[in-house]
Amino acid sequence: MDRRAFVMMLGAAGVAGCVTDVARPARAAGTVPSDLRPVATPAFSSWLTAFRPRALRAGISAATVDRALASAGFVPGVITRDRTQIQTRRTLEEYLSIATSDDRLAKGRVALARYGSTLTAIQSRYGVDRHIIAAIWGLESQFGEKRGQVPVISSTATLAFEGRRAAFYESQLIAALRILDRGDTTPDQMLGSWAGAMGHTQFIPTSYRSFAVDFNGDGRRDIWGDDPTDALASTASYLSRNGWRSGLRWGAEAGTGGPSGRSIRPQRGGVQFTVTRNFNVIKTYNNSDLYAVGVGHLADRLAGGGPLRGNFPPDANGLIKADRLAVQRGLERRGYDIGTIDGVFGKKTEAAIRDFQQKQGFPVTGAASASLVSALR
């Protein structure tokens, strides 16, 4: 199964998760939720014992198998997240607001300045625009800040043990063991999301084996460490081998002089785009129009382009993005922690609205309104 099938299996663009939704700012480094820490259980240990001969028959060395499985544990939070994936159907406006927030753009410019020569060298070898590579990096892991903290051997083994998609996750576990057997990384460094997507640009083990490259020539294809070079080159390798056409833009907002192609309007009443075949190549990474537009637009912004010219319709409360930004900024001025100011209301913003409404004598709904906007401007 390739990465596109993996993303579709998790629920396409609607699933809240590190490979399917825009990565929000990461939690503090080193803080792993307790339910995502591997633990020993008798049933899981018995499953590992039964699995060991299958790994050996797959050609993995006994030393690698024993070392990896010795540190593996059952991860309760992996099962919880697998069974309770939330369908968060964001609008394109919300998606782009997160994807190109001021915070993400600032971090992206720093990343481009730091790794500009590396990205240029990768573009020269694979023909993939360096800003597209950087944009995928930005959406998948916040430019390396949110690579995942769950041991991949434990997460894939947990999901194989649980049984709902046993064959798929056992194949990912086998692939992960092959990676260890080759010497690309170690079990304690092989960390990823709860579903086994790994590193700076969130490769699943089987995609890693097919597309990862050793760009810096150190003998390892390291997508997990602080140096993102191999991960960025591996992403370019993936896009190149999936049909990326060098020199062709992904698309553009309709009416702005972009390349010719088919027209799409991902949000009713919103901005229309003209997209090329390279847009479809981006979708092999994540089979979602929102994701592909998000990558393309973030790439354009990192290359020096401006915001979209078109408008989006008011939300269900009759507010436009400028109104929602005014609410978040007004709450922040009054001392509330609302997270990233991006015009998208998450739990922090909603909690702050409720508290403000209660203190000001407004009906406590947690939803914004025109009167609330006026009170907070």
Q) Hey, does segment 46-58 have a residue that's out of contact with any Gly (no Cβ under 8 Å at 6 or more places or on another chain), modelled with pLDDT of 95 or more and either within 30 Å of LEU105 (Cα to Cα) or outside any helix (DSSP H, G or I) (or both)? A) yes
Q: Mind listing whichever residues of segment 154-178 are surrounded by 23 or more Cβ atoms within 10 Å (Cβ to Cβ), farther than 15 Å from PRO38 by Cα and in contact with a Leu (Cβ under 7 Å, 6 or more places away or on another chain)?
A: TYR169
Q. Does segment 343-370 hold any residues that are over 30 Å from the mean Cα position of the chain (by Cα) and outside any helix (DSSP H, G or I), and which are they?
A. GLY361, PHE362, PRO363, VAL364, THR365, SER369
Q: Could you list all residues from segment 209-239 that are open to solvent by 20 Å² or more (accessible area, probe 1.4 Å) and either of a type in the set (Val, Ile, Thr) or farther than 19 Å from ILE153 by Cβ (or both)?
A: SER210, PHE211, VAL213, ASP214, PHE215, ASN216, GLY217, ASP218, GLY219, ASP226, ASP227
(Q) Of everything in segment 52-103, what is within 18 Å of ILE153 (Cα to Cα) and hydroxyl-bearing (Ser, Thr, Tyr)? Give them in sequence order. (A) SER61, THR64, SER71, THR80
Q: For VAL373, indicate whether it is at pLDDT 95 or above, surrounded by 14 or more Cβ atoms within 10 Å (Cβ to Cβ), in contact with a strand residue (DSSP E or B) (Cβ under 7 Å, 6 or more places away or on another chain) and of a type in the set (A, V, I, L, M).
A: no
Q. Are any residues in segment 265-292 out of contact with any Gly (no Cβ under 8 Å at 6 or more places or on another chain) and among the hydrophobic types (A, V, I, L, M, F, W, C), and if so, which ones?
A. LEU290, ALA292
Q. Applying the selection to segment 188-205, what residues are open to solvent by 20 Å² or more (accessible area, probe 1.4 Å) and touching a helix residue (DSSP H, G or I) at 6+ places or on another chain (Cβ under 9 Å)?
A. LEU191, TRP194
**Q.** Given (1) farther than 20 Å from VAL344 by Cβ; (2) in contact with a strand residue (DSSP E or B) (Cβ under 7 Å, 6 or more places away or on another chain); (3) surrounded by 20 or more Cβ atoms within 10 Å (Cβ to Cβ), index of the condition GLN272 fails
**A.** (3)
Q: Would you check which residues across segment 42-55 are free of Cβ contacts under 8 Å to residues at least 60 places away in the same chain and either in contact with a Leu (Cβ under 9 Å, 6 or more places away or on another chain) or surrounded by 13 or more Cβ atoms within 10 Å (Cβ to Cβ) (or both) and list them?
A: SER45, THR49, ARG52
Q: Please indicate, with yes or no, whether at least one residue in segment 325-335 is modelled with pLDDT of 95 or more, under 26 Å from the mean Cα position of the chain (by Cα) and farther than 25 Å from ALA135 by Cα.
A: yes
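The values are calculated or read from the model by the stated rules, or taken from the named source; none is laboratory data. Everything numeric here is computed off the predicted structure, so don't read it as measured data. Using ideal geometry, Cβ is built from the backbone for each residue, glycine included, and neighbour counts are taken over all protein chains shown. Just so you know, the surface numbers come from the protein's heavy atoms only, side chains and all, with ligands and any DNA or RNA stripped out. Shrake-Rupley method; radii C 1.70, N 1.55, O 1.52, S 1.80 Å.
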